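To start, the structure under review is shown below, and the notes come after it.
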Amino acid sequence: MKEYLTRFIEVGLKLGAEYIEVRAQKLFKTMLTMKDGIIEAAKEGLENGVAIRVLVNGAWGFASVGSFDNAQLIDAVEKTCKMAKAASRKVKTPVELAEIRTFEDKVVVKPRKNPAEVSLAEKIKIASSMNKTVFDYDPRVKSCTMDYLDVTGTNYFINNEGTYIEQDKLYVWSRVLTTAKEGEVYAFAREEIGSTAGFEVFETETLEVVGERIAKRAIEQLKAKTPKGGAFPVVIGPNVVGVFVHEAFGHLAEADLTLKGSVLMDKLGKKIASEVVTVYDDGTVNGAFGSFKYDDEGIPAQKTLLIKDGQVVGLMHNRETAHRFQTSPTGNVRAEDFRYEPIIRMRNTYLAPRDYSFEELLEGVKFGYYLKSFRGGQANLNGTFQVGIQEAYEIVNGEIGAPVRNASISGNTLETLRKVEAVGKDFQLWPGRCGKGQIAFVCDGGPHIRVKEVLMGGGA
């Protein structure tokens, strides 16, 4: 494959490219969706293709081809170079790339149970079993939808600087959504499973355990009350801490978005959070859903420190932004597949643990809320955020109290980070998928934390 892809590098250089990279993939995917015991979609097959990115006169050109045909790829290189040359006439700030080490490597994945060797019939059987487990838990469960995806195969990367990488890919992902109803009250629950280890993830996240967990969560929310609206102290679980760190802070620290106007643009080296807040984006966590060895610019994944003791000390970079900030790329660049240009993406983003027990975090809270798991979240470049909560409880005199439903928190990221009072010593990562014009597999999480005050959405 190296010899074959090298010919397109040579074509690009002859056409005037100052930099050229070729990404190729030979992947096998399975996707299925089951709703209320009925298969709504099921497909599997090869997904092969090649992406070409060139830099000419300080401007990018990009093209993708769903084929390994020699003539088509040469034509794509020629068109991409023409595209970049045309774009360069309008570029105000020419693109320059940070210098990097080159690598030649072959990354092999050896799962104990390869999902590509598990039949589609068996995967459908698992979805059916999950569906049955959820519905059998309680007659008040009214719907259950399970999405499943696995990806196996190899990605190839080569550039004109001497880097060549063959990297096996393996992802197993599933999401379960369920609703329950009693009278006029509806409740919702969701759960995601994700692994880069193999199909054996279902031996630990078993259908019985996950199915009962999600069904129980939905049923318990039926008897929950609406939270009071206003500002209250909260203890936040790892699941919600993760989505808050990811949505409210992580995107602001992606250097391409920082340059587009995120509130972190003038905050490097400054304190933005309490001294107990330390945040990493780490691509090296063994088996985590956002881990890999090399990113889609051929940069090794690493553990990137973003906030240290409340101070912003780093951002997530590609080679272009690293040159702009006079630093090094961080191995955060990924493309969903060959059809997309590689962009800066989070990997495993988390708040680092400290030394409080869960009981100590609850102590001293006369009345507040324990936010255990999230429903969804969004944030803006100006630092405002909103996170929906699917499972929450009152805290009364330092003890967990009655459940509440339809809760949400909102506010300003930097103000909220300054109000983090205490950080737990536990730690957990949760898998998910992040959208930024294209999908990336990620993890986020951390320990339990206590925040002095957060704006809660709810009833009067």
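Each reported figure results from applying straightforward, stated rules to the coordinates on display, with no laboratory input. Fair warning: this is a prediction, and the values are worked out from it, not measured in the lab. So basically every Cβ, Gly included, is an ideal-geometry build from the backbone, and we count neighbours across all protein chains shown.
Give me the angle, in degrees from 0 to 90, between the Cα long axis of helix 70-88 and the longest principal axis of the Cα atoms of the chain, rounded to the nearest 10.
Helix 70-88 and the main axis of the chain meet at about 80 degrees.
Show me the trypsin sites (Lys or Arg not before Pro) within the stretch 231-307 that DSSP assigns to loop and that have at most 15 other Cβ atoms within 10 Å of their Cβ.
Passing both the DSSP loop test and the Cβ count: Lys260, Lys270.
Could you grab the Rg to Rh ratio for the chain? Cα atoms only, Kirkwood for Rh.
The Rg/Rh ratio comes out at 1.00.
On a 0 to 90 degree scale, rounded to 10, what angle separates helix 207-222 from the longest Cα axis of the chain?
Helix 207-222 sits roughly 50 degrees off the main axis of the chain.
No solvent, one uniform scatterer per C-alpha: report log10 I(q)/I(0) for the stretch 230-457 via the Debye equation at q = 0.09, 0.12, 0.13, 0.14 1/Å, two decimals.
Ignoring solvent entirely, the Cα scatterers give -0.34, -0.61, -0.71, -0.82.
Suppose the Debye formula is applied to equal point scatterers at every Cα of the stretch 342-460; what is log10 I(q)/I(0) at q = 0.15 Å⁻¹?
Cα-only, vacuum Debye calculation for the stretch 342-460: -0.77.
List every residue whose amide H lies under 5 Å from the amide H of Asp444, counting only residues 5 or more places away in sequence or on a different chain, with H placed 1.01 Å from N in the peptide plane.
For Asp444, whose amide H was placed from the backbone, the distant partners under 5 Å are Thr349, Trp430.
Excluding residues fewer than 8 places away in the same chain, name every one of the aspartates and glutamates whose C-alpha is closer than 16 Å to that of Lys29.
Those aspartates and glutamates meeting the cut-off are Glu44, Glu47, Glu117, Glu122, Asp147, Asp150, Asp168, Glu336, Asp337.
Based on the inverse mean of 1/r over its pairs of different Cα atoms, what is the Kirkwood hydrodynamic radius of the stretch 2-222, in Å?
Result for the stretch 2-222 stands at 20.5 Å.
Count neighbours as other Cβ atoms within 10 Å of each site's Cβ, and list the GluC sites (Glu not before Pro) in the stretch 92-132 that are DSSP loop with at most 15 such neighbours.
Passing sites in the stretch 92-132 are Glu96, Glu99.
Within the stretch 43-143, which trypsin sites (Lys or Arg not before Pro) sit in a loop by DSSP and count at most 12 neighbouring Cβ atoms inside 10 Å?
Taking the stretch 43-143 and a limit of 12 other Cβ atoms within 10 Å, the loop trypsin sites (Lys or Arg not before Pro) found are Arg89, Lys90, Lys92, Arg101, Arg112.
What's the center-to-center distance, using Cα atoms, between the stretch 22-93 and the stretch 395-460 in Å?
Result: 37 Å between the Cα centres.
Which cross-chain or sequence-distant (5 or more) residues have an amide H under 5 Å from the amide H of Thr226, H modelled 1.01 Å from N in plane?
Placed amide hydrogens put Arg405 under 5 Å from Thr226.
With respect to the cross-link table entries Lys90/Lys293; Lys223/Lys436; Lys271/Lys452; Lys181/Lys419; Lys132/Lys181, which display a Cα-Cα separation exceeding 26 Å?
Working: Lys90/Lys293 36 Å; Lys223/Lys436 36 Å; Lys271/Lys452 18 Å; Lys181/Lys419 37 Å; Lys132/Lys181 17 Å.
Exceeds cut-off: Lys90/Lys293; Lys223/Lys436; Lys181/Lys419.
Hey, what do the phi angles of the stretch 442-453 turn into as Karplus ³J(HN,Hα) couplings, whole Hz, using 6.51/-1.76/1.60 and θ = phi - 60°, x for Gly and Pro?
9, 10, 8, x, x, x, 5, 9, 10, 10, 4, 7
Quick one: Val279, Val263, Val108, fewest Cβ neighbours within 10 Å first, how do they rank?
Val108, Val263, Val279
Residue by residue through the stretch 411-428, which ³J(HN,Hα) values in whole Hz follow from phi under the Karplus form 6.51 cos²θ - 1.76 cosθ + 1.60 (θ = phi - 60°), with glycine and proline marked x?
Result, ordered by residue: x, 9, 4, 5, 5, 5, 5, 5, 9, 5, 8, 8, 10, x, 9, 7, 7, 7 Hz.
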